[in-house]
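To keep things clear, I will list the structure first and then write my remarks on it.
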Amino acid sequence: MSAETLESLLRTMGIAVFVRRDDGVFAVVGRSPAWVEQILPGVSLDPFDTDAMPFLGAFFEDAQGVWSGKGPTTLLSDPWTEVDERGLEHRFNATCVRADGRNLLLITEASTDVETQRTILQAARESRLAYDRTLAESQLTEQDLRESQDRLELEVMRRTSDLAKSNESLRLMATEAALAAERERRKLALGLHDHVGQLLAAAKIKAALLRGTIQTQQATQPLTELLDILNQTIHATRSLTFELSPPALYELGLEPTIAALLEQIHDRHGLRCMLEDDGKDKPLSQDLRIVLFQAVRELLFNTVKHAKAQNVRVLTARDGVHIQLTVIDDGRGFDLDQATRTNAGPGGYGLFSLRQRLSPLSAELRISSRPGIGTRVRILAPLDLGSDFQPESS
């Protein structure tokens, strides 16, 4: 039974109903029964002047447990006597009730039979129990929601952590795979340089000596053609060696190797290339030197393949404890956001792959490009200040 239903029932039974506000002041609820005008003529009912019934003062002290919610939900007073304006005595009872979260004061004449009073108290108890049950269910639902939210947040945090670890593992694997592939190419390049290259050089010397011993033009012509073939083969072997793993990267360092790469691109594709170096010492670990050269080479090949550029510049500079590599072209440029979303074009998968390989070495890649403006790619990587670069002996 709700508090509103209970109040309607009590008024019908001739019971005055007052609600106790948070400030301790009482106010009448709805219409008051007829006896109120007889016993309390001219007394304010909103707020209710309780001093008009002196007995209530002592009763309220006993009712503090009900008001606070720490004691019983109902309290019935002893009967007391009031005299109306005609001099007639009336006996009253008061009941304090906490129902549906509200504090109520019920005042009725003592002539109300015992069964009616029991009905009133039972209705109040039922209302209180219903309120307590609803409150408990609400608190339980809120607790379940909080626990579900906490579990969801923990699961999101766990999966986010797992994803970050997986991404880091992928970056490490990409870098290790690139370095492993470079080591294999290095072996092949050394084999071409140290064995095939030497054999070709020896064959060229032998052919030249043999040609010098022959006097007739008819006999020397095949040897001359053989020498041309040997020269072409030696040049192709050197080019293949450079493409596999340029010896200059290990023997001279990063900047001279980039200069040789730019010269090769100019000769093959007619692209005007320029290297600008600040001349400062830039010691790098071997792994980082390899990955940086691979990154610059891929960026230059992207320029040749996609940019339709006329000029390209590579800038190398020391920036504190970092090396800064910048590749700039005057090509057609591209929409970086679109290329990154679709993994297509010069800004798609290739840039993602570069980032994956650079990240484990604490290097970062920054790109600036717009259609029709050209492209600028900047790589910032840490120097190896613990040891200076020592060229390999050839």
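Since every read-out is calculated from the coordinates, none of them should be taken as a lab result. What you are looking at is a predicted structure, and each value in this text was computed from that prediction instead of being measured. Positions of Cβ are backbone-derived with ideal geometry, glycine not excepted, and every protein chain shown enters the neighbour counts.
In order along the range 366-371, the phi-based Karplus estimate (6.51 cos²θ - 1.76 cosθ + 1.60, θ = phi - 60°) of 3J(HN,Hα) comes to 10, 10, 10, 7, 9, x Hz; Gly and Pro are listed as x. Charge tally for Val156 (other residues, Cβ to Cβ under 13 Å; Lys, Arg +1; Asp, Glu -1): -1.
Relative to one another, the C-alpha centroids of the range 287-339 and the range 11-90 are positioned 90 Å apart. Here the Karplus relation 6.51 cos²θ - 1.76 cosθ + 1.60, evaluated at θ = phi - 60°, turns the backbone of the range 157-164 into coupling constants of 4, 5, 5, 4, 5, 4, 5, 4 Hz, with x for every Gly and Pro.
Computed from label points 7 Å out along Cα-Cβ, the spacing between Leu88 and Leu240 is 12.9 nm.
For the range 227-288, the gyration tensor built on C-alpha atoms gives an oblate shape. Its axis ratio a/c (a ≥ b ≥ c) is at least 1.5, and a/b is not larger than b/c. Ignoring lysines fewer than eight residues from Lys187 along the same chain, none have Cα atoms less than 24 angstrom from its Cα.
With contacts taken as Cα pairs under 8 Å and at least 6 residues apart, the range 253-394 reaches a relative contact order of 25 percent.
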